[in-house]
Amino acid sequence: MRILLTNDDGIHAEGLESLERIARAISDDIWIVAPESEQSGASHSLSLSDPLRLRKIGERRFAVLGTPTDCVLMAARKVMPEAPDLVLSGVNRGQNIADDVTYSGTIAAAMEGTTLGIKSFALSQVIGIHNRDALTYEVAEKHGAAVLKQLVDLPLGPGVLLNINFPDCRPDEVAGVEVTRQGKRDQNLLHIDERRDTRGKPYYWLGFQRERGNPPAGTDLRAVFEKRISVTPLHMNLTQLDAFEPLRKALEKM
């Protein structure tokens, strides 16, 4: 199996090193094409107004001055001799759950792989829920390969990608694996931090406060809160079929 590794934290990210160790438990045909610098929050964006710069770092290892989406396109259409059999994106520094999926460059890379017809998974390591002191990829590395081995041959159908989140507990505390649906974050936790530069001009940092809350059972949020690995199938087609009939009725007199 030929596997492409990418991320949104950048070519030198610790999580990418963890992902490589996970992937090598599955295959020795590993290619890495990742952003030159951090692209967190880039979502499914393309670089259309700026040229892409490709830098070879080592054997089957490349950095792209662009977004995670750019990386997957460059890998599949330019760098690799053939398209990969599997795209793995991550291991992201922090969770990609609930509304995060619409912002995440990690998930966007898996989206692009899916768009190209390649089976694609996004992997993220939760931080700040149980372990507030330090980020560790131990859970992802301990359980990642075993989870992937159960999923790589599974027929998901067109347009489907998997979003996998590992809880921030000790590896031996993981309470299992759960197939989940996308949850909903409390938007009241959004925090805008206003500061002043040395000239007295304001600037701002966006962030979300980390609070556990009480999310519904069956969601990705609840699973990681209860120390389970969350596996969420996402679909590229965002059409809401339930809205068809009300829309038809509202527009039928026009």
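The values are calculated or read from the model by the stated rules, or taken from the named source; none is laboratory data. Predicted model, so just to flag it, every value in this text is computed and none were measured. Glycine also receives a Cβ, built like all others from the backbone with ideal geometry; neighbour counts cover every protein chain displayed. Surface areas here come from the heavy atoms of the whole protein model, side chains and all, with no ligands, DNA or RNA. Shrake-Rupley method; radii C 1.70, N 1.55, O 1.52, S 1.80 Å.
Expressed as a whole percent, the accessible area of the chain that falls on carbon and sulfur atoms is 50 (1.4 Å probe). Within the same chain, lysines fewer than 8 places from Lys78 are excluded, and of the rest, those with a Cα less than 21 Å from its Cα are Lys56, Lys119. Put simply, the amide H of Gly41, placed in the peptide plane, has neighbours under 5 Å in Gly105, Thr106, leaving out anything fewer than 5 places away on its chain. Listed peptides 71-77, 56-62, 161-167 appear in the order 161-167, 71-77, 56-62 once ranked by packing, highest mean of other Cβ atoms within 10 Å at the front. For the range 1-110, the square roots of the Cα gyration tensor eigenvalues, ordered a ≥ b ≥ c, give a/c of at least 1.5 with a/b no greater than b/c, which places it in the oblate category. For the range 135-254, just say rounded, prolate or oblate: build the C-alpha gyration tensor, square-root its eigenvalues into a ≥ b ≥ c, call rounded for a/c under 1.5, and beyond that prolate if a/b exceeds b/c, oblate if not. Oblate, since a/c reaches 1.5 and b/c is not below a/b.
Per residue, the chain exposes 54 Å² of accessible surface when a 1.4 Å probe is rolled over the protein heavy atoms with every protein chain present.
Return the percentage of antiparallel bridges among DSSP beta bridges fully within the range 28-99, rounded to the nearest 5 %.
55 percent
What shape does the range 114-153 have by the C-alpha gyration tensor, where a ≥ b ≥ c are the square roots of the eigenvalues, rounded means a/c under 1.5, and otherwise prolate means a/b greater than b/c and oblate the rest? Oblate is the answer for the range 114-153, as a/c is 1.5 or above yet b/c matches or exceeds a/b. Over the chain, what is the percentage of antiparallel beta bridges among all DSSP beta bridges, to the nearest 5? Counting only bridges with both partners in the chain, antiparallel ones make up about 40 percent.
Considering only Val72, Ala146, Thr198, and ranking their Cα positions along the charge dipole of the chain that arises from unit charges at the beta-carbon of Lys, Arg, Asp and Glu, the one farthest toward the positive end is Thr198. Phi angles of the range 58-74 translate, via the Karplus equation with coefficients 6.51, -1.76, 1.60 and θ = phi - 60°, into HN-Hα couplings of x, 4, 6, 9, 9, 10, 10, 7, x, 8, x, 4, 4, 4, 5, 4, 4 Hz per residue; Gly and Pro are given as x. Give the cross-link partners of Lys227 among the lysines, using a straight C-alpha distance below 20 Å as the criterion and excluding same-chain residues fewer than 8 apart. Within the straight-line cut-off, Lys227 pairs with Lys142, Lys184. Seen from Arg93, the other residues with C-beta closer than 10 Å to its C-beta sum to a net charge of -4, counting Lys and Arg as +1 and Asp and Glu as -1.
For the peptides 46-52, 14-20, the ranking by packing is 14-20, 46-52, with the highest mean count of neighbouring Cβ atoms within 10 Å listed first.
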